[in-house]
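Single-structure report; data block below.
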Amino acid sequence: MTQEPHGEGVPESAPLPDFASSSSPTGLPGFSEDHGPATLGEPSERARHRTRLTMIAVIGGSVVILLVLALILSQTVFRSVLEDPDPSAYSTGPRSAEGQSEYVPDPEDPDIAPPPPIFTQAPTTECTVPQNTTPPQPSGAGKVRGGGLEYTSPEGWGDGWAVHSLPYLTEIAADGRRVEGSWYSVVNLGRVTFPEDEGGYPGLEAAAVAIFQCYATTSGVVSHFGEHPEVTDYRSEVMTVDGTAAWIVQATYHFEDPEVLDTSSASIVTSIVVETPNGPSALASDVAADQPEHVQNLEDIIASLDVVE
């Protein structure tokens, strides 16, 4: 038998002490009384790193989703709003408290509005044709003089065009260029003469309008224009000729029957009245509108106009 190191042994039949019910110092101490409430320690560096990676992944995924949604919207919903409007659409009127105003065509725009009343086939004057008188001699070769005006004939003109009478013009001279058959581009000059029983000379603008209307309805012109031609590119405005006050009325007349000629189906009709020293003089003409050389010839003739009295 071995001896206990501290002396007395414990009898084998002695009962175990009751720790659960004992309040004596020999029982197990209360953990809460000795140590207080439990606390967690600081997270490790590894845990922090894992948390940061998780947050970055979530934020990155959200940004990618937002970018994809923005791209889809830009190609669908926003695209129809931001695209340029149809170039053929008309601009609309200003907004007001009552809402969108009605679109009203601009009466000054020849492309969308009907021509003003002065560009009608029915003249607003009597279109009186005075007795013609001999025009003065031109200043030189290649010149055409009528009344107090003179112009230089372009190359290709000088086909021997002769005119005997025109409404409200005397002292008439002219030149022309053949278009086809018996149809010519023609530019006339003459002295403006309004009879006293019609009130006499009505002034620059009214005289230019009257000569324009009457010239566009003369028998030789209407034979090709027709009774109801389309009228475009019209204007009626003040200008100067050789530094002198003038008024121009001009428009393009499209033949009612576009097949009446093979090479042309429209003419530019022009009337210009100029306050020349010995009374007003005028240019009256019709030139093939779809013949570029003829159109340029008309511009050159108008640019070369001189007041010769």
> Across segment 263-309, which residue is farthest from Ala246 (Cα to Cα) among those that are without any contact (Cβ under 8 Å) to a residue 60 or more places away in the chain, of a type in the set (Gly, Ala, Ser) and not in a strand (DSSP E or B)?
Replying inline: Ser265
> Of the residues in segment 173-194, how many are open to solvent by less than 10 Å² (accessible area, probe 1.4 Å) and of a type in the set (A, V, I, L, M)?
Replying inline: 3
> What tally of residues in segment 117-167 results from selecting those that are of a type in the set (Phe, Trp, Tyr) and part of a strand (DSSP E or B)?
Replying inline: 1
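Every residue, every condition in (1) more than 33 Å from the chain's Cα centre (by Cα); (2) open to solvent by 70 Å² or more (accessible area, probe 1.4 Å), yes or no:
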residue: Ala206; (1), (2): no, no
residue: Gln213; (1), (2): no, no
residue: His228; (1), (2): no, yes
residue: Ser264; (1), (2): no, no
residue: Thr270; (1), (2): no, no
residue: Gln291; (1), (2): no, no
residue: Val308; (1), (2): yes, no
>> Among the listed residues Val186, Val222, Val192, identify the single one that is within 22 Å of Cys127 (Cβ to Cβ), aliphatic (A, V, I, L, M) and at pLDDT below 95.
In response: Val222
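The values are calculated or read from the model by the stated rules, or taken from the named source; none is laboratory data. Note that this is a predicted model, so its numbers are computed, not measured. Reconstructed Cβ throughout: ideal geometry from the backbone, glycine too, with neighbour counts over all protein chains shown. SASA here: full protein model, heavy atoms, side chains in, ligands and nucleic acids out. Shrake-Rupley method; radii C 1.70, N 1.55, O 1.52, S 1.80 Å.
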